[in-house]
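Enquirer: Starting off with a structure, shown below.
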Amino acid sequence: MTKLDDAYALLPGGGPLIKDYPGEGWGDLVYEMCEKLAALPGGAPKMSQIKSKFGELRVYTCTAPTAEQGEIIAEAIEKSKATCEICGKPGTMKATGWMIVLCDFHMDPKNR
């Protein structure tokens, strides 16, 4: 099982309806988000999809998140903009045919 699987297990229904996994480098980031959401009095909102799009984490919910849920989701999205999607180290945005955040090591195509 991956960190993302562990994160999705914290969500209602066992995770998003569409399991379009972002890179494993975001596993800790997504787990932290799901853990914080699950700890809220109302719990986490039902997710329709969690993925990478245009180099950042995208989180789609089935219903509008509460203000507190929205803050937690926004925090995770912001962190994703500076986290390598492959390994989780600090990274920067790179256009490789699509937008992706990569660390210095993974910037080199032979290391992906």
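Where a number appears in this text, it was derived from the coordinates with a stated rule and is not lab data. All of these numbers come straight from a predicted model, not from anything done at the bench. Every residue, glycine among them, receives a Cβ derived from its backbone with ideal geometry; neighbour counts consider all protein chains shown.
Enquirer: Find the residue count for segment 48-76, including only residues that are touching a helix residue (DSSP H, G or I) at 6+ places or on another chain (Cβ under 9 Å), hydrophobic (A, V, I, L, M, F, W, C) and under 23 Å from Val101 (Cα atoms).
Expert: The number of residues fulfilling the criteria is 6.
Enquirer: Same structure again: Would you check if there is a residue in segment 26-41 being farther than 25 Å from Asp104 by Cα, acidic (Asp, Glu) and either touching a residue at least 40 places away in the same chain (Cβ under 8 Å) or in contact with a helix residue (DSSP H, G or I) (Cβ under 9 Å, 6 or more places away or on another chain) (or both)?
Expert: Within segment 26-41, one or more residues are farther than 25 Å from Asp104 by Cα, acidic (Asp, Glu) and either touching a residue at least 40 places away in the same chain (Cβ under 8 Å) or in contact with a helix residue (DSSP H, G or I) (Cβ under 9 Å, 6 or more places away or on another chain) (or both).
Enquirer: Among residues belonging to segment 18-30 that are of a type outside the set (A, V, I, L, M) and under 8 Å from the mean Cα position of the chain (by Cα), point out the one that is surrounded by the fewest Cβ atoms within 10 Å (Cβ to Cβ).
Expert: Ranking the candidates gives Gly27 first.
Enquirer: So Gln69 fits all but one of (1) polar (S, T, N, Q); (2) assigned to a helix (DSSP H, G or I); (3) within 14 Å of Trp26 (Cα to Cα); what number is the exception?
Expert: Looking at each condition in turn, Gln69 falls short on (3).
Enquirer: Now a separate question. Please enumerate the residues belonging to segment 79-105 that are in a helix (DSSP H, G or I) and surrounded by fewer than 22 Cβ atoms within 10 Å (Cβ to Cβ).
Expert: Correct list: Lys79, Asp104, Phe105.
Enquirer: Name the single residue that is surrounded by the fewest Cβ atoms within 10 Å (Cβ to Cβ) among those in segment 33-59 being part of a strand (DSSP E or B) and more than 11 Å from the chain's Cα centre (by Cα).
Expert: Looking at the filtered set, the residue picked out is Ser48.
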